[in-house]
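Colleague: Got a structure for you, written out below as structure tokens; questions coming shortly.
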Amino acid sequence: MSAESLSLTFQSVTALALLLVLVLVWRAEQRIDVFRQRMFAIRDELFDFASEGGVDFQHPAYQLLRNSMNGFIRYAHRLTFFQLLTTIARWKITEQVHPLTWHSKWTEALDSLPVSSEVKLRKLHGCAMDTVARHLVGGSFTLSIFVFLTGIHLLIQGAWTSIRMIVRDASESVVTKVFDQRLIEEEAVRC
């Protein structure tokens, strides 16, 4: 191999490596921005529901859900597969498991609402958690592989009506099998 071709190969590899780094950094920042924007939209829908009289702004269910969404928005950059694994490992190693109280408070607060308000708040909470699952899966190659395999399993079972449903159900299934949803909610509120 001549010096010219060696130099050209080195320059090409270096340029591709820099391009790959730029794309990966840009993609990570873009993913966080998209996640936050989706969470803002869900939070705005919650606010609109409360302003229309669907739930009182001072009601514990409204405040718990809003605080949870605010936590997800504020710490979206820390909402990663690796970070959650690290948190779980830290809790298991130090045996300092924080009580998972958010979910019990949430359930208790929902019980004091009229059925129509409860249904709407559960729907908004579900949308928020779907957004979290999508963000976690989109940022992890490992979780993406599991979602792909689970999606194939759902496809074979025939339990689907659209590709979007397969992806949503597979993402939700993988995230709930890997992580306790209560842990994710608790971390969002605690941070």
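Colleague: Please give the contour-minus-distance gain from Ile145 to Met165: 0.36 nm per residue of separation, less the Cα-Cα distance, rounded to one decimal in nm. Before the final figure, lay out each step's value.
Modeller: Details: separation 20, 0.36 × 20 = 7.20 nm, distance 1.72 nm.
That works out to 5.5 nm of additional length.
Colleague: Net charge within 14 Å of Glu45 by Cβ-Cβ distance, Lys/Arg positive one each and Asp/Glu negative one each, not counting Glu45 itself?
Modeller: On the way: positive: Arg38, Arg43, Arg66, Lys120, Arg122, Lys123; negative: Asp44, Asp48, Glu52, Asp130.
Overall, the nearby charge balance is +2.
Colleague: Now, a different point. Mean projection of the alpha-carbon convex hull of the stretch 149-191 over all orientations, in nm²? Walk me through the numbers on the way to the answer.
Modeller: Numbers: hull surface 14.0 nm².
Mean projected area of the Cα convex hull: 3.5 nm².
Colleague: By count of other Cβ within 10 Å, fewest leading, how are Glu118, Glu172, Glu185, Glu108 ordered? Don't jump to the answer; show the numbers that get you there.
Modeller: Numbers: Glu118 16, Glu172 19, Glu185 24, Glu108 12.
With the fewest neighbours first, Glu118, Glu172, Glu185, Glu108 line up as Glu108, Glu118, Glu172, Glu185.
Colleague: Between Ser104 and Leu155, what FRET efficiency follows from the Cβ-Cβ distance if R0 is 35 Å, with the result rounded to 0.05?
Modeller: Details: r = 37 Å, r/R0 = 1.04.
It comes to 0.45.
Colleague: Between the stretch 163-191 and the stretch 99-150, what's the alpha-carbon centroid distance in Å?
Modeller: For the stretch 163-191 versus the stretch 99-150, the Cα centre distance is 7 Å.
Colleague: May I ask for the net charge around Thr86, where only other residues with Cβ less than 12 Å from the Cβ of Thr86 are counted and Lys, Arg are +1 while Asp, Glu are -1? Don't jump to the answer; show the numbers that get you there.
Modeller: Working: positive: Arg78, Arg90, Lys92; negative: Glu187.
Counting the neighbours of Thr86, the net charge comes to +2.
Colleague: If you don't mind, another one. Over the chain, calculate the relative contact order: mean separation of alpha carbon pairs under 8 Å at least 6 apart, over the residue count, as a percent.
Modeller: On the way: 133 pairs, mean separation 53.9, N = 191.
Relative CO of the chain lands at 28 percent.
Colleague: Sort Arg90, Arg31 so the one with the fewest other Cβ atoms within 10 Å of its own Cβ comes first. Before the final figure, lay out the partial values.
Modeller: Values: Arg90 11, Arg31 16.
Ascending Cβ contact count within 10 Å gives the list Arg90, Arg31.
Colleague: Sticking with this one: Please give the contour-minus-distance gain from Thr94 to Gln37: 0.36 nm per residue of separation, less the Cα-Cα distance, rounded to one decimal in nm.
Modeller: Numbers: separation 57, 0.36 × 57 = 20.52 nm, distance 3.54 nm.
Result: 17.0 nm gained on full extension.
Colleague: Angle between the Cα long axis of helix 60-74 and the longest principal axis of the chain, 0 to 90 degrees, nearest 10?
Modeller: 10
Colleague: Using only Cα atoms and rounding to the nearest 10 degrees, what angle (0 to 90) does helix 163-178 make with the longest principal axis of the chain?
Modeller: 80
Colleague: When each pair of different Cα atoms in the chain is counted once in the 1/r mean, what is the Kirkwood radius in angstroms, to one decimal?
Modeller: Numbers: mean 1/r = 0.0526 Å⁻¹.
It is 19.0 Å.
Colleague: Also, quick follow-up: Only counting other Cβ atoms within 10 Å, I'd like Val174, Val115 sorted with the fewest neighbours first.
Modeller: Numbers: Val174 24, Val115 7.
Placing the least packed residue first, the sequence is Val115, Val174.
Colleague: For helix 115-138, report the angle its Cα long axis makes with the longest principal axis of the Cα atoms of the chain; keep it between 0 and 90° and round to the nearest 10°.
Modeller: Helix 115-138 sits roughly 10 degrees off the main axis of the chain.
Colleague: Once you put a point 7 Å from the Cα of Glu45 and another 7 Å from the Cα of Glu4, both along the Cβ direction, what distance in nm separates them?
Modeller: With each label placed 7 Å out from Cα toward Cβ, I get 6.2 nm.
Colleague: So what is the calculated 222 nm ellipticity per residue for the chain, using -39500 (n - 2.57) for each DSSP H run with n of 4 or more, over all residues, to the nearest 500 deg cm²/dmol?
Modeller: Working: 8 runs with 155 residues, N = 191.
Calculated from helices alone, the mean residue ellipticity at 222 nm is -28000 deg cm²/dmol.
Here, each number is a calculation from the coordinates, and none is a lab measurement. Keep in mind the model is a prediction, meaning the values are calculated, not measured. Glycine also receives a Cβ, built like all others from the backbone with ideal geometry; neighbour counts cover every protein chain displayed.
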